[in-house]
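To start, the structure under review is shown below, and the notes come after it.
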Amino acid sequence: MSTNFNAVPSFSVISGDQIHSAIFSNVEGVLSVVRDAYLAHHHGETVNPDSYFLRFPLRPRDRIIALPAHIEPRHGTAMTGIKWISSFPNNIERGIPRASAVIVLNDPQTGYPRVCLEGGTISAARTAASAVLAARALNRNERAGAIGIVGCGLIGRYIIEFFLATGWSVSSLYVNDRVSAYARKFADRFDDVFPDGAHVEETPEDVVGRSDIAIFATTASAPYVRSPDAFKHSPLVLHISLRDLAPQLILAAHNVVDDIDHCLKANTSTHLAEQLVGNRDFVEFTLPAILAGGAAPVRSKPIIFSPFGMGILDIAVAHSLFEQVAAAGRLVEVSNFFFDAQ
């Protein structure tokens with residue numbers, strides 16, 4: 001983001017269709033950007049404050065979250081911005097997505113906002129990239145007899161699409177959603193993709209029990225999966241939605257998080273586990289440290305990856321897409337957005 005200091009900076013907008021096209025033209029590129037952001041975080045080159053939750057007393061399920069972030073790598077371009085993402089679950093009944101978002105990137109030198117990007121697609125993509133990166137690091141290879149997913153929304157779809165786009169060898173897909181019609185639609189979407197098809201299961205435990213890699217991508221606000229029996233085969237669990245698993249299941253597993261301080265808060269399953277035992281000793285690994293060459297857990301018991309989802313990932317992916325769209329000459333500039341009153 002270069003700045004001409006002799007003029008008020010320009011301001012541009014990048015739409016969701018541009019972002020979707022750019023993401024799926026280079027999914028491996030998105031994974032690389034997210035990996036670099038994790039490594040920058042590991043090396044202390046990021047500022048990632050706590051997320052700020054705007055809640056509504058009369059509508060406790062609704063919320064809007066602000067995630068500011070800054071990345072200043074020793075070698076490379078500084079990035080600054082904020083994601084403003086809403087979660088209104090009743091939107092699903094209105095026939096529109098639950099979540100919507102914008103991301104604003106600021107010029108690190110002047111502080112001026114330079115571009116506003118549709119953020120829902122970026123948020124889904126960086127979440128999917130984080131999940132697939134974790135699976136690569138923790139599964140030891142890019143093969144899985146079966147993948148299972150609980151929660152058949154947009155995030156779940158992006159995760160499966162990212163697995164497919166990055167060449168994973170998977171025989172079958174098992175799905176579950178509290179709304180059976182969503183599960184059926186999800187399974188139908190992917191049924192022809194997997195050699196042994198896609199199958200709807202009655203319970204989340206059935207999904208976990210049948211899967212080598214089990215993914216939770218729900219809107220759950222409190223744990224509802226409690227039985228350890230489904231985890232006896234030591235699956236890799238990508239606990240994207242953070243609040244599905246009882247704390248006892250967390251304590252019985254190898255735990256990997258993206259950032260300990262961020263993840264162990266807001267009544268996530270890992271936070272509940274901390275409250276139960278009074279310490280954080282059960283969190284043995286972080287994904288950034290593993291990506292930097294640190295030790296990874298062995299499959300002696302279930303491995304659970306719980307990513308709180310840091311704003312640095314959104315800003316990094318947004319910045320990469322901004323550069324990609326700008327290089328293609330497809331930025332939509334808003335004329336005279338900033339008024340120079342001098």
Self-check item: Pairs, first more than 15 Å from F24 (Cα to Cα) in the range 313-337, second among the charged types (D, E, K, R) and assigned to a helix (DSSP H, G or I), C-beta under 7 Å, six or more apart
Solution: L313/R126; D314/R126; A316/D36
Practice problem: Inspect the range 74-85 for any residue being of a type in the set (D, E, K, R), over 29 Å from A289 (Cβ atoms) and in contact (Cβ under 8 Å) with a residue 40 or more places away in the chain and give the result as yes or no. | Solution: no
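Condition (residue is within 23 Å of the chain's Cα centre (by Cα), exposed (fewer than 12 other Cβ atoms within 10 Å of the Cβ), hydrophobic (A, V, I, L, M, F, W, C) and at negative phi) applied to the range 289-309: is it met by at least one residue?
Let us first name the residues in the range 289-309 that are within 23 Å of the chain's Cα centre (by Cα), namely 289-297, 302-309.
Next cut, exposed (fewer than 12 other Cβ atoms within 10 Å of the Cβ) only: 293, 295.
In the following step, the residues that additionally are hydrophobic (A, V, I, L, M, F, W, C) were identified as 295.
Checking the rest, the ones that are also at negative phi come to 295.
Yes, the range 289-309 has at least one match.
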Exercise. Give me a count of the residues in the range 252-280 that are in a helix (DSSP H, G or I) and surrounded by fewer than 17 Cβ atoms within 10 Å (Cβ to Cβ).
Key: 5
Self-check item: Selected residue (only one of R210, R157 is charged (D, E, K, R), within 25 Å of L31 (Cα to Cα) and either at pLDDT 95 or above or touching a Ser or Thr at 6+ places or on another chain (Cβ under 7 Å) (or both))
Solution: R157
Quiz prompt | Qualifying position, being at pLDDT 95 or above and out of contact with any helix residue (DSSP H, G or I) (no Cβ under 8 Å at 6 or more places or on another chain), among R226, R243, R184 | solution = R184
Quiz item: Of the residues in the range 33-54, how many are outside any loop (DSSP other than H, G, I, E, B), exposed (fewer than 15 other Cβ atoms within 10 Å of the Cβ) and at pLDDT 95 or above?
Solution: 2
Practice problem: Return a yes/no flag: does the range 329-336 have any residue that is surrounded by 13 or more Cβ atoms within 10 Å (Cβ to Cβ) and touching a helix residue (DSSP H, G or I) at 6+ places or on another chain (Cβ under 8 Å). | Solution: yes
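So which of F216, F186 ends up being more than 30 Å from K265 (Cα to Cα), crowded, with 17+ Cβ neighbours inside 10 Å and not basic (K, R)? Walk me through how you get there before you give the answer.
Numbers: F216 fails: more than 30 Å from K265 (Cα to Cα).
Step by step, each of F216, F186 is checked, and only F186 is more than 30 Å from K265 (Cα to Cα), crowded, with 17+ Cβ neighbours inside 10 Å and not basic (K, R).
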Practice problem: Kindly provide the set of residues from the range 55-96 that are in a strand (DSSP E or B) and among the charged types (D, E, K, R), ordered by number. | Solution: R55, R59, R61, D62, R63, K83
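On the given criteria, is A134 of a type in the set (A, V, I, L, M), surrounded by fewer than 20 Cβ atoms within 10 Å (Cβ to Cβ) and assigned to a helix (DSSP H, G or I)? So that I can check it myself, show each step before the final result.
Numbers: of a type in the set (A, V, I, L, M): yes; surrounded by fewer than 20 Cβ atoms within 10 Å (Cβ to Cβ): no; assigned to a helix (DSSP H, G or I): yes.
The answer is no for A134.
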Quiz item: Which residue out of R299, R280 is out of contact with any Gly (no Cβ under 7 Å at 6 or more places or on another chain), of a type outside the set (D, E), farther than 19 Å from H43 by Cα and modelled with pLDDT under 95?
Solution: R299
Exercise. Only residues that are at pLDDT below 95 and closer than 13 Å to G119 by Cα: list them for the range 57-90, please.
Key: S87
Quiz prompt | Among residues of the range 97-121, those that are in a loop (DSSP other than H, G, I, E, B) and under 19 Å from I65 (Cα atoms), counted | solution = 2
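The values are calculated or read from the model by the stated rules, or taken from the named source; none is laboratory data. Because the structure is predicted, anything quoted here is derived from the model rather than measured. Please note: Cβ atoms are built from the backbone with ideal geometry, for glycine as well, and neighbour counts cover all protein chains shown.
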